[in-house]
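In what follows, a structure is listed as structure tokens, so that the remarks can point back to it.
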Amino acid sequence: MPSISANLITLLPLLLIITLVIINPIQFKEKRNFLYLLSATALESSLEIVTILNKANTFMAAIISAFANAFGFAIAPLVAYLMLTIIMKDTKYEKYKNIIRIPLICNAFLSFGSIWFDWIFIVTPLNQYFRGPLFHVQFLVSLFYIIAFVYIDLTKIKDYMLEDLICKGAIYCLILGSIIAQVFFPDLLLIWGTISICLIFYFISVQSMQLRRDPLTMAYNRLCYDNLLLKSIDKEGVTLIIIDVNQFKKVNDTFGHMTGDKMLCSIALTLRKHFEAYGYTYRIGGDEFAIIASNIKESKVHEIFNNIEAEFLHTKNRLSISPILSYGLCEYNPKLHKDIYDAIKIADNNMYICKEKNKSRKYYIT
């Protein structure tokens, strides 16, 4: 039976990924929802196997088919919905999470109501299956969630590096290709196999991103920073910025490490927001950050840091620190500098010069 084989090919990798996610020591946001997503997809494939095997022309077989189809049609959009909730996390769209449940609930109501009222599907007493007049509702609801997922993911494109974009591009192409193929060739049963592969790609993408991110601040980490330096070694128009948090040890000692951690996260988020049009933000040490920027003038860098200090006015007053950040920069030129690491030393020295100047300004932490 090729249909059963196809579903087993879908199901077995899903069970493997579920196991890997559970035992994986690297934690990531929305891990629980991702497990729900994997489990829902595995359950959908299992229900399809049940409907394929349940071919007897009896009333009991008809009841089994009716409930299996009801669960299957209800779960199908749930998979896309869970994908959407994962990508919505920590975005401005998260406030709409209650509203986007409405199509899901309506589809579930129609799916289970079809057991008695033949809305989405029809199962006769002799276990014969037919499509109902509202058969395409679950497809349209799923499509709505998938389109919303892609749209919101694309709004985060500035946070992704090339490796992330390649993986996500593969996911989009697979989903789009399977939908088109399923429309023209309904007997291929590609959807769940494709979703299974996409979830594997997504898991790989999440793991890859975690390995390149600082787990506390979600800025890119030192490994990623060193790799990009190597790629930028012959490039022109690269500005290297080194940033240090002033009096950070005293912040930890006076207010506690939890306050220090919150401060680092706030600084990382602010740096990413202000420099996202120019480059990536990296955490390269305990309280040190770096930015590898492109096509930015020195005057613009100073302007941005003045704006950042203004944004941190409340924090500065509360912690009695002024200013919060010291920074140094160097516009790298392969013709003038020995190499990019020579430019890094210059930026680092400029940061320490800035730090010495800041020491002459009044601090209140004792």
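The values are calculated or read from the model by the stated rules, or taken from the named source; none is laboratory data. Please read all numbers here as calculations on a predicted model, not as lab measurements. Neighbour counts are summed over all protein chains in view; Cβ atoms, including those assigned to glycine, are modelled from backbone coordinates with ideal geometry. Accessible surface is based on the protein model in full, side chains and every heavy atom, while ligands, DNA and RNA are left aside. Shrake-Rupley method; radii C 1.70, N 1.55, O 1.52, S 1.80 Å.
Excluding Asp159 itself, calculate the net charge of residues whose Cβ lies under 12 Å from the Cβ of Asp159, where each Lys or Arg counts +1 and each Asp or Glu counts -1. Mind showing how you got there, number by number?
Values: positive: Lys156, Lys158, Lys168, Arg212, Arg213, Arg272, Lys273; negative: Asp90, Asp153, Asp164, Glu276.
Residues close to Asp159 contribute a combined charge of +3.
Overall, the accessible surface of the range 45-104 at a probe of 1.4 angstrom is composed of carbon and sulfur to the extent of 69 percent. Entry comment: accessible area of the chain is 53 Å² per residue, from protein heavy atoms only and a probe of 1.4 Å. Roll a 1.4 Å probe over the protein heavy atoms and report the accessible area of His257 in Å², nearest 10. Here the accessible area works out near 120 Å². On the beta carbon distance between Ile147 and Ser266, with R0 = 41 Å, the FRET formula returns roughly 0.75.
Would you list, by chain and number, the lysines whose Cα falls below 29 Å from the Cα of Lys359, excluding same-chain residues fewer than 8 positions away? Counting by Cα, and skipping residues close in sequence, Lys359 has these lysines nearby: Lys249, Lys250, Lys262, Lys273, Lys297, Lys300, Lys316, Lys345.
A simple spin-label model places pseudo-atoms 7 Å from Cα toward Cβ; at Glu288 and Phe117 they are separated by 6.7 nm. Every helix of 4 or more DSSP H residues in the chain counts as -39500 (n - 2.57), and over all residues that averages to -21500 deg cm²/dmol at 222 nm. Legend: calculated FRET efficiency, Asn33 to Asn317, from the Cβ-Cβ distance at R0 = 41 Å, rounded to 0.05, equals 0.60.
How long is the gain from Ile180 to Arg222 if the chain were fully straight, where each residue apart is worth 0.36 nm and the alpha carbon distance is subtracted?
10.9 nm
Calculate what fraction, in whole %, of the accessible area of the range 216-366 sits on carbon and sulfur atoms when a 1.4 Å probe is rolled over the protein chains. If you can, show how the numbers build up before the last one.
Working: 4110 of 7910 Å².
Answer for the range 216-366 is 52 percent, counting heavy atoms of protein chains only.
Rounded to the nearest 10 degrees, the inclination of helix 162-184 to the longest alpha-carbon principal axis of the chain is 20 degrees. Dimensions of the chain along the principal axes, based on C-alpha atoms and rounded to the nearest Å, stand at 88, 45, 34, largest first.
For the pair Lys300 and Ile157, a Förster radius of 25 Å applied to the C-beta separation gives a FRET efficiency near 0.65, rounded to the nearest 0.05.
Less than 5 angstrom separates the built amide H of Phe312 from none of the residues sequence-distant by 5 or more or on a different chain. In this structure, the amide hydrogen of Val238, modeled 1.01 Å from its nitrogen in the peptide plane, lies closer than 5 angstrom to those of Tyr332, counting only residues at least 5 positions away or on a different chain.
Converting phi to 3J(HN,Hα) with the Karplus coefficients 6.51, -1.76 and 1.60 and the offset θ = phi - 60°, the range 60-72 yields 5, 5, 5, 4, 4, 5, 4, 6, 5, 5, 4, 5, x Hz in sequence order, with x at every glycine or proline. Within the chain, the longest run free of GluC sites (Glu not before Pro) that sit in a DSSP loop with at most 12 other Cβ atoms within 10 Å is 1-235.
Amide H contacts of Thr281: Tyr220, each under 5 Å away and 5 or more positions distant or on a separate chain (H built 1.01 Å from N in the peptide plane; Pro and chain starts excluded).
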